[in-house]
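Derivation of every value follows stated rules applied to the coordinates shown; laboratory data play no part. Since the structure is predicted, the reported quantities are computational estimates derived from the model, not experimental observations. All Cβ positions, even for glycine, are placed from backbone atoms using ideal geometry, and neighbour counts span all protein chains on display.
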Amino acid sequence: MRFATAVALSLLISACSNSAEEELKNQYVANYIESTTPIFLEQLKERARELNISREQLASLTETANDRIEKMAQCSYTAYQHYPKRYHDAMIDAVVHGNDVQASREKVSLMIEQDMQKGLILQDKIIESARKVRSKLNDCMAS
């Protein structure tokens with residue numbers, strides 16, 4: 001009986017953990033999209049005016065851009081797992097709590113820089129992590 005109870009409890013904890021992780025990812029993706037889309041679409045509209053792109057073409061580009069922004073949000077969530085936990089958590093938490101994506105990146109970059117100056121992390125470790133993140137992001141966006 002104890003074994004069955006332990007297995008059931010383990011499955012329940014696992015399900016709750018997966019549910020919490022999925023909720024965190026969903027919130028990150030939603031806030032990433034909310035933060036990034038207006039800026040990107042404004043830049044797209046400005047560029048479309050410069051190039052005399054028709055409304056129909058702009059509508060198509062906007063739809064594609066929205067899809068790519070959503071994919072970028074999902075891919076970045078996954079890719080950031082290659083950063084050391086401290087920086088991964090800082091970036092994810094900032095966006096989950098509604099902070100601007102670019103401002104969050106800058107804040108985490110500053111945190112990394114300060115930690116390197118204090119000797120808390122080696123530059124080589126950050127460079128390797130950044131390479132892994134970039135590679136994972138590129139692979140995800142290409143899929």
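Points to keep in mind about this one:
- Residues considered: Ala30, Ala94, Ala48. Largest GNM mean-square fluctuation over the chain, using C-alpha springs under 10 Å, is found at Ala48.
- Extension reserve of the Ala142-Met111 stretch, reckoned as 0.36 nm per residue once the Cα distance is removed: 8.2 nm
- Charged neighbours of Glu128, selected by a Cβ distance under 14 Å, balance to +4 (K, R count +1; D, E count -1).
- Taking each of Lys45/Lys132; Lys45/Lys125; Lys107/Lys132 in turn, the alpha-carbon distance tops 30 angstrom for Lys45/Lys132; Lys45/Lys125.
- Each principal axis of the Cα atoms in the chain has its own extent, and those three values, largest first, are 72, 44, 27 angstrom.
- Inter-label distance, nm, simple model (7 Å from Cα along the C-beta direction), Asp89/Ala48: 4.2 nm
- With a simple spin-label model that places each label point 7 Å from the Cα along the Cα-to-Cβ direction, the separation between Glu63 and Asn26 comes to 2.7 nm.
- Residue-averaged [θ]222 nm for the chain, counting only DSSP H segments that reach four residues, each worth -39500 (n - 2.57): -30500 deg cm²/dmol
- Rounded to 0.05, the FRET efficiency of the Lys125 and Thr78 pair, given R0 = 22 Å and the Cβ-Cβ distance, is 0.65.
- Straight-distance crosslink candidates among aspartates and glutamates, where the alpha carbon sits under 14 Å from Lys136 and sequence neighbours closer than 8 are dropped: Glu128
- With Cα atoms, 0 to 90° folded angle of helix 55-79 axis to the chain main axis: 20 degrees
- A DSSP coil position with no more than 10 other Cβ atoms inside 10 Å describes none of the GluC sites (Glu not before Pro) in segment 23-95.
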